[in-house]
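Inspection log for the structure reproduced underneath, given as structure tokens.
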Amino acid sequence: MADGRVYMLQPSFATGEISPDVASRVDLDKYQSALLQAKNFFIRPYGSTYRRPGTIHIADLTSENILLQEFAVDADRAYLLEFGNQYLNVWKDGVKKATLTTPFAGTELHKLRFAQSADVMFITSGTHPVQVLTRAADTSWTMTEFIPEPGYFDATTMKDGVTITPSATTGTVTLTASGSAFTAGQVGNWIRTEQDRASETVTLSLSSGTQTGTSSSILAGAKGWKVISHGTWKGDFSVEYSKDNSNWKTLRSYTSNNDYNPTESGTFDEPTYIRVKGTITSGTLTVDLTRLPYTHKATARITGYTDATHVTAKVKDKFANTSACEEWAFGSWSADYGYPSCVTFFQDRLCLAANNRYPYMVWMSRTADYYNFGTEEVEGTLTDDSAVAISFISRRDFRIKHLVAQSDLIVMTEGNEWIVSGSNTVKPTDVNPQVQTSRGTTDVIPILVGGQMIYVQRHGRTVRDLQYNYTTDSYDGMDLTILAKHITQDAPIVDAAYRQEPDYMMWFVLDDGTAACLTYINEQKVYAWSRMITDGTIKAVETITTSDEEDVYFVVERNGVNYLERLADMADTDDPDDYIMLDCAKQGTNNTASNIITAAWLAGRTVDVLADGRHIESLEADEYGNVVLEVPCERYVVGLPYNSLLELPNIETQMQDGTMQGRKKKVSAAILRLRNSLAGRVGITEAKTDVIKYDELMAQTVTLFSGGKNVTVPNVTVGGFNDWGRIVITSDAPYPLSVASVVRAVVNGG
């Protein structure tokens, strides 16, 4: 029977929270599923919303600044890495497994970048040498400095007129500069010298019957060698080679019976000593062995600093001699120049990027040889698997912030986004970086979601996705915060994490200590925002994937103490004791004869308890964390309460004479479709709400409610009429509250 009211259904909340600037955009399709506020509610991608679960206390932490990072071994094994001020704690399933010392100060943690291959993780910071974290077992971890092979060298560091002279050609040597060349900040760096070596010939002459002889040795390079013999002779001779001028092996052998004189040549991959050794039984033999002209490159790693003109170094590629070298250069990474600040793997190369001297550079290792950043030439041409160095410069020298490897390598800088195409194999002679967009990014590590990348735009207040567009044959994306700019307007994003199951959700930690939550499914055009607020300051977030679940961990500062906390799972039962709906909480069982439960980490705090399904408010934990109940309980949850709030937007529907906006209306009742829920209040403002009544709370055994609730909405204005027709739903009780839809019973007029 008609009762004079209009029943307005909101069957979905998949738009999430919208900003006040969008609150009047009733023309938008997404408005029909929007919320004006979604505080401590999560949005499901298919439209319903539920009061977020609480968090479980894991441990008290010691560092002021903390970064969380996943270390995933395989689909079944993952660890949580807790980086603090010069330490690393390794956690698994809430248990600390190992503690290591690191060089990273607490103020540097936001700079860390990670790339993992099986049980090895490479960690860059820009201010320290690259570190290698290695797992041998659950409780066996090591962190060591990454010491690469010689790589690309900085030709600009050679000082005019200054020469470098080695004290020996191999081993540990002293390098002497003719002028100021060295600093203490170059210790650990590589140095390369170049010497143009003219052709040189050694000769072996044998005659007068049986005779054996060996020529002196010479050092040949990539251009190789040539051998020519003369005379009429019986016997044989060999061209021999040695890497160290002592252990000789046969390279080529030649034999003559008064009928042969060879002319032959060859090359080497690296500088190699050569000589001639021969024996004749008659006749006369002359052998000329010629080293062809080449540029000799020697490399050494600086191990100690004496003064501006003297350092010690360990030789890798030997010096040709101990003569002064006019051409020389330092490697690209050192304490003076800075160290790589970004890392990833691409096409089986280890990619490092962006130090202080070269903030726009990416260096790629040799293929499948992650420690080798050197090059190799064959007949003057770089081999395809040689290391690669690429500059990403477009008008301005933006610093590279992130390397993201998908089918293409995505290079994120402070001011633009590039790709290195993965459609062809990257080679030193075939690499073509291309600018895609010009937006820039922050230090917040991008998130990969299927084929999309989610990143925080420069200045930290906009979240965008980036994906390949077949129509334009380029990468671009959309602003995911366009409808909810107010959430990050005054609080830039400082950290982020993604959980695929359940609900495809991301958490963005804001610098005001709250978190913005995003439910995101690109193919369904779902990007719904809500907010997570707790009694404390959220400082970091990370997701750990295991075989049967994805756990979300937070670092939360409460009363000056940092806590490691895990987001509780949402049960799917009608038993309230199966849910954890308090923060920094503990769930447990108790001796039925005892009415005391203990929460030592909450000592001195006012806490709530869910005891055998019943809510007990505002209990004091004493100095030891003991909480006294009036009666014993078997099952309990103890923790800190939090308030959840939903606010539905203005009512809008098609009318014969125009819009409903600006007309007086009254919401007299709300019909809530709930599932596994208890508690909650409904009203037209947060200040004026009435309790949702449940018979289940009166039963001997408390159970959760599923079904429809028809709630009278209290009104505060004269006659209850206003211009909006909004309602709010709140709850601060430790029970789940899952809302599938809301019907507002509306009276027009006033």
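The values are calculated or read from the model by the stated rules, or taken from the named source; none is laboratory data. Just so it is clear, the model here is predicted, and its values are computed rather than measured. Here the Cβ positions follow ideal geometry from the backbone for every residue, glycine too, while neighbour counts run over all protein chains shown. Heavy atoms of the whole protein, side chains included, go into the accessibility calculation; ligands, DNA and RNA do not. Shrake-Rupley method; radii C 1.70, N 1.55, O 1.52, S 1.80 Å.
Some values worked out for this structure:
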| item | result |
| --- | --- |
| At R0 = 51 Å, FRET efficiency that the Cβ-Cβ distance of Gln661 and Asp548 yields, to 0.05 | 0.55 |
| Tail fraction, Cα-Cα pairs, the chain, threshold 54 Å, whole percent | 31 percent |
| Rounded FRET efficiency, nearest 0.05, which uses the C-beta distance separating Thr472 from Arg635 and R0 of 56 Å | 0.45 |
| Label zone at Thr306, where the point sits 7 Å out along the Cα-to-Cβ direction: the range 186-216 residues whose backbone N lies under 20 Å | 186-193 |
| Per residue accessible area of the range 9-105, 1.4 Å probe, in Å² | 38 Å² |
| Accessible surface of the range 619-746 [probe 1.4 Å, protein heavy atoms]: carbon and sulfur percent | 49 percent |
| Dipole magnitude of the chain about its Cα centre (Cβ charges: Lys, Arg +1; Asp, Glu -1), debye to nearest 20 | 1100 debye |
| Theoretical gain in end-to-end length, His230 to Glu200 [0.36 nm per residue, Cα-Cα removed] | 9.0 nm |
| Highest average packing first - 67-75, 389-397, 674-682, Cβ atoms within 10 Å | 674-682, 67-75, 389-397 |
| Percent RCO, i.e. relative contact order, over the range 503-623, from Cα pairs under 8 Å lying at least 6 residues apart | 12 percent |
| Protein accessible area in the range 32-97, 1.4 Å probe - carbon and sulfur % | 40 percent |
| Probe 1.4 Å, accessible area per residue of the range 308-362, Å² | 33 Å² |
| Sorted peptide list for 211-224, 517-530, criterion being average Cβ within 10 angstrom, highest first | 517-530, 211-224 |
| The range 468-584, dipole about Cα centre (Lys/Arg Cβ +1, Asp/Glu Cβ -1), debye to the nearest 20 | 620 debye |
| Cα-based Rg and Dmax for the range 35-83, where Dmax is the largest Cα-Cα distance (Å) | 16.2, 42 |
| Contour excess over end-to-end distance, with Cα ends at Glu557 and Gln524 and 0.36 nm allotted per residue | 8.3 nm |
| Label zone at Ala335 (point 7 Å along Cα-to-Cβ), backbone N below 18 Å, the range 118-137 | 125-131 |
| Relative contact order for the range 573-729, counting Cα pairs under 8 Å that sit 6 or more residues apart, in percent | 25 percent |
| Label zone at Ala699, where the point sits 7 Å out along the Cα-to-Cβ direction: the range 544-575 residues whose backbone N lies under 14 Å | 573-575 |
| Interchain or long-range residues, amide H under 5 Å from Gln436's placed H | Glu417, Trp418, Ile419 |
| Heavy-atom accessible area ranking, 1.4 Å probe, most first, across Met660, Met143 | Met143, Met660 |
| FRET E, pair Glu327, Asn591, Förster distance 60 Å, beta-carbon r, rounded to 0.05 | 0.15 |
| Normalised contact order of the range 45-90, rounded percent, pairs of Cα under 8 Å and 6 or more residues apart | 28 percent |
| Residue-normalised accessible area of the range 558-701, given per residue in Å² at a 1.4 Å probe | 47 Å² |
| With every protein chain in place, the range 353-397: carbon and sulfur % of accessible area (1.4 Å) | 39 percent |
| Pair Ser618, Met143: separation of 7 Å Cα→Cβ label points (nm) | 4.6 nm |
| Distance in nm between pseudo-label sites at Val26 and Ser391 (7 Å out along the Cβ direction from Cα) | 5.9 nm |
| Projected-area mean, the range 10-145, by convex hull of Cα positions, square nanometres | 11.8 nm² |
